[in-house]
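Written out below as structure tokens is the structure these notes cover.
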Amino acid sequence: MNQAADDTTAARAQSLRAQLQAASYAYYVLDAPDLPDEVYDRLYRELQDLETAHPALVTPDSPTQRVGEKPATQFTSVRHNIPLYSLENAFDLAEFRAWEERWRRQAPDAGEVEYVAELKIDGNALALTYENGLLVRGVTRGDGVAGEDITPNVRTIRSVPLRLNTDTPPPVVEVRGEAFLPLDVFEQINREREARGEALFANPRNAAAGTLRQLDSRIVADRRLDFFAYTVYLDQFDPAQIASAPDQMTTQWAALELLQTLGFRVNPNRQLCQSADDVQAYYDDWATKRARLSYLTDGVVVKLNDFALQRQLGFTQKFPRWAVALKYPAEEVPTILEAVSFQVGRTGAVTPVAELHPVQLAGTTVARATLHNADRLAELDIHQGDTVIVRKAGEIIPEVVRVLSELRPVDAIVVTMPTHCPQCASALVKPEGEAVTRCINSSCPAIVQGAIIHWARRDALDIEGLGEKWVKQLVEQGLVHSVADLYTLTEADLEPLDRMGKRLAEKLVGAIAASKTRPWASVLYALGIRHVGTVNAKTLAQHFPSAAALAAASPEAIATVHSIGPEIAQSVAQWFEVPANQTLIDRLRQSGLQLAADDTPTQAAEAGVLAGKTLVLTGTLPTLTRPEATELIEAAGGKVTSSVSKATDYLVAGEKAGSKLTKAEGLGIAILSEGDLLALIGQD
Ligand code: IVH
């Protein structure tokens, strides 16, 4: 039905929109719901029905327009009219006082000043543009100069108004603030990722970044992103007026109030301070109180309140001189080590994990912490029952940093690396000079389980429904010893599994059968050969059109392929030499899997999102090796260089990032985690 709406219908739609908007504002911005959920839902459905019957009634600010759109293929890069600067860090109060002295030398006549102290929200900066009061664009910070246009995603954030709350909107307003994920949502996302065998987001900031860059805004709509506004530019096209505003808005404090009036959520925990001492008291106060917030803060942002003084001080290359981020130290807490468990991963790597008496740390409950590897374990000289210090420095997986050996119980037993695999009892190996201890029994249940979960991944054989809980049972009950066994499973085999039943068994057998049509490149990736990620697998599959061709190739021949280095080539050739692997390939071929390319020519690589960008890698990334990361970056059109300079666009930093990180921070270069990188190139 698509009829012209009569006046009464139009008026009803208008009234519904107004009611729903007011209710949503009360709920999401004021945090003070004033309409029962059922009533909201009923009104919402009524509006939806009216709009379906009369599409002409849909307005861009209708509450029905927040549910997300069809997935985008990629985001476009947009240059910011005013760059998004980052903030200079002060790591303690002494550094904060030094910052004050520095700006005072530049403005010796400033006298007594006011500061605005705001919580530093651990999220991602966004720039929102409103034209004639309507939200028209939402752009990520990007590298500060240009970001990505993610408008459909921004529209799903309930606390971002689609229309400014004013009858006299200026032609253009730009609002900036922090998009973030509440801690409970962050933890829920990670629980889901863990269950699917996917890499965890290191912290809420990465999770928010990954969510904001989701190409499918319907997924974003489910994720409950939130937004605090902290900057408003009323005349964004005149950079000379960066910190300017009409007469009534000459201070940051007034700007925050204006933002609130316009309908934005502004963090209520801000404070107008009359001196550096006041700021110090605020910082001390929130050092403990921040643990009770539902979102993560990593410090306090201190801004000079007066815009005239801000203008006088201006900016350095990277930072405003009138603001500073006063950070809180990474949290550390003591707790008791209850046990050490040894986890065996898909590659056979054995990781010691501390099982702890649960403690609160940086907003979440911590009951486990990594002990990294055998060397670290020996270095810590950790004993059963030890009191240990755990730390979470922005990373979600906490680590044991120290042992308080003076508190050690008498006769406590030292914890050492096992000599045999805790899963299959075969002897472990630790190659000379390597940190990793490994189980090398390819039929070890832990390795088989990991291999099957990897096999079923969406970017591998894409077997829907084959999650961790089924894989575990299949392996434990001896139904599956290798991925090839999946293809002989029958409904009768599956049905007896705990909570499976006939319908699920049928579906799963169907999904496994369907995976036989996945292309050769996906099968190659799914085999889990070291250094062969999705991108290398694609490249190899293009040059070696069948498993037989690849198996027959020498390491030298493999290494002639562009972007395949000797290390990768060696690893591939070695894999095909192992008799058990040859048997596996034969069985897969007999089961009808695609072990050769079909005749359709491969699509030309899409124009990469990193085209023209220079990246530097540093530190240990949580899941990718250097070659894998390099390969992914190059496949997305980017270039990887070894040292940080002004020409660097992004630094991808992992654990134990050192001087490159410091240098990049100094140069104001955008820092990406592995999660950020993967999100950026759409591989998350
Ligand atoms: S003001 C030039 N205020 O921290 C002014 N930033 O480390 C720059 N942030 O990129 C931003 N809470 O993403 C400001 N209340 C707050 C903030 C805040 C979080 C983030 C923001 C910025 C980063 C700098």
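For the chain, the longest principal axis of the alpha carbon atoms and the long axis of helix 534-543 meet at an angle near 50°.
Within the accessible area of the range 23-160, the carbon and sulfur atoms contribute 49%, probe 1.4 Å, all protein chains present. Spacing of the modelled spin labels on GLN48 and SER405, each 7 Å from Cα toward Cβ, amounts to 6.4 nm. Counting only the Cα atoms, the range 287-326 fills a convex hull of 83 Å³ per residue. Each part reduced to its alpha carbon centroid, the range 337-372 and the range 527-603 end up 36 Å apart. Sorting PHE91, PHE342, PHE96 on solvent-accessible area from highest to lowest, probe radius 1.4 Å, gives PHE91, PHE342, PHE96. Test of the criteria: in the range 449-489, which GluC sites (Glu not before Pro) are in a DSSP loop and have at most 14 other Cβ atoms within 10 angstrom of their Cβ? In loop regions of the range 449-489 (DSSP not H, G, I, E or B), the sparsely surrounded GluC sites (Glu not before Pro) are GLU464. In terms of Cα atoms, the Rg and Dmax of the range 58-203 work out to 19.6, 60 Å. Note on the range 308-388: Rg/Rh from C-alpha atoms, Kirkwood Rh, equals 1.30. Placing TYR650, TYR85 in order of accessible area, with the largest value first and a 1.4 Å probe, yields TYR85, TYR650. Ordered from highest to lowest accessible area with the whole protein assembly present and a 1.4 Å probe, ARG158, ARG589 read as ARG589, ARG158. Shape class of the range 129-232 from the Cα gyration tensor (axes a ≥ b ≥ c, square roots of the eigenvalues): prolate, since a/c reaches 1.5 or more and a/b is larger than b/c.
Full extension of the chain segment joining GLU506 with THR560 gains 14.9 nm, where the gain is 0.36 nm per residue of separation less the Cα-Cα distance. Over all pairs of different C-alpha atoms, the range 328-436 has a mean inverse distance whose reciprocal, the Kirkwood radius, equals 14.6 Å. Once both labels are positioned 7 Å from their Cα atoms along Cα-to-Cβ, the gap between ARG376 and ALA11 label points is 6.9 nm. Each of LYS516 and THR623 was given a label point 7 Å from its Cα along the Cα-to-Cβ line. The distance between the two points is 2.9 nm.
Give the residues of the range 507-526 whose amide nitrogen is closer than 19 Å to a point set 7 Å from the Cα of ASP598 in the direction of its Cβ. Hits in the range 507-526 for ASP598 at 19 Å: 511-526. Counting 0.36 nm for each residue step from THR168 to SER294 and taking away their Cα separation leaves a gain of 41.9 nm.
Between the Cα long axis of helix 183-195 and the first principal axis of the chain there is an angle of about 20°, rounded to the nearest 10. Within the shell of other residues whose beta carbon sits under 15 angstrom from the beta carbon of TRP286, the net charge comes to -2, with Lys and Arg scored +1 and Asp and Glu -1. For the range 570-684, what class follows from the C-alpha gyration tensor (a ≥ b ≥ c being the square roots of its eigenvalues): rounded when a/c is under 1.5, otherwise prolate if a/b is larger than b/c, else oblate? Note, shape of the range 570-684 comes out prolate. The heavy atoms of LYS507 offer some 130 square angstrom of accessible surface to a 1.4 angstrom probe. A cysteine counts as unpartnered when no other cysteine's C-beta lies under 4.7 Å of its own; in the chain this applies to CYS273. Across the chain, C-alpha contacts under 8 Å between residues 6 or more apart give a mean separation that, scaled by the residue count, equals a relative contact order of 10 percent. Within the range 406-538, the proportion of C-alpha pairs whose separation exceeds 17 Å stands at 66%. Ellipsoid semi-axes for the range 1-126, based on the Cα gyration tensor and the rule √(5λ), read 48, 20, 15 Å when sorted largest first. Shown here are the Rg and Dmax of the Cα trace of the range 66-146, at 18.6, 56 Å. Expressed in units of 2.2 N^0.38 Å, where N is the residue count, the Cα radius of gyration of the range 379-448 is 1.42. Around HIS383, under 10 Å between beta carbons, what's the net of Lys plus Arg minus Asp minus Glu among the other residues? Residues close to HIS383 contribute a combined charge of -2.
Probing with 1.4 Å while keeping every protein chain in the model, the per residue accessible area of the range 41-189 equals 44 Å². Contact order, relative form, for the range 613-684: 37 percent (alpha carbon pairs under 8 Å, 6 or more residues apart, mean separation divided by residue count). What whole-number value in cubic angstrom gives the convex hull volume per residue for the C-alpha atoms of the chain? Convex hull volume per residue, Cα atoms: 201 Å³.
Taking each DSSP H run with n ≥ 4 as -39500 (n - 2.57) and averaging over every residue of the chain yields -10000 deg cm²/dmol at 222 nm. The Cα atoms of the range 502-569 give a gyration tensor whose axes a ≥ b ≥ c have a/c of 1.5 or more with a/b greater than b/c, which makes the shape prolate.
The relative contact order of the range 416-478 comes to 20 percent, based on Cα pairs under 8 Å that sit 6 or more residues apart. Around VAL509, with a cut-off of 15 angstrom between Cβ atoms, what is the net charge of the other residues, counting Lys and Arg +1 and Asp and Glu -1? Taking every Cβ under 15 Å from that of VAL509, the sum is -2. You can think of it this way: the chain between GLU332 and ALA435 has 34.5 nm of extra reach, that is 0.36 nm per residue less the Cα-Cα gap.
If R0 equals 45 Å, the separation of the Cβ atoms of ALA281 and GLU38 corresponds to a calculated FRET efficiency of about 0.50. Binning the alpha carbon pair distances of the range 465-589 at 10 angstrom intervals from zero yields the distribution 12, 39, 27, 18, 5, 0, expressed in whole percent.
The values are calculated or read from the model by the stated rules, or taken from the named source; none is laboratory data. Everything numeric here is computed off the predicted structure, so don't read it as measured data. Don't worry about glycine lacking a Cβ; one is built from the backbone with ideal geometry, like all the others, and counts go over all protein chains shown. Each accessible area value is taken on the protein alone, full model and side chains, heavy atoms only, with ligands, DNA and RNA left out. Shrake-Rupley method; radii C 1.70, N 1.55, O 1.52, S 1.80 Å.
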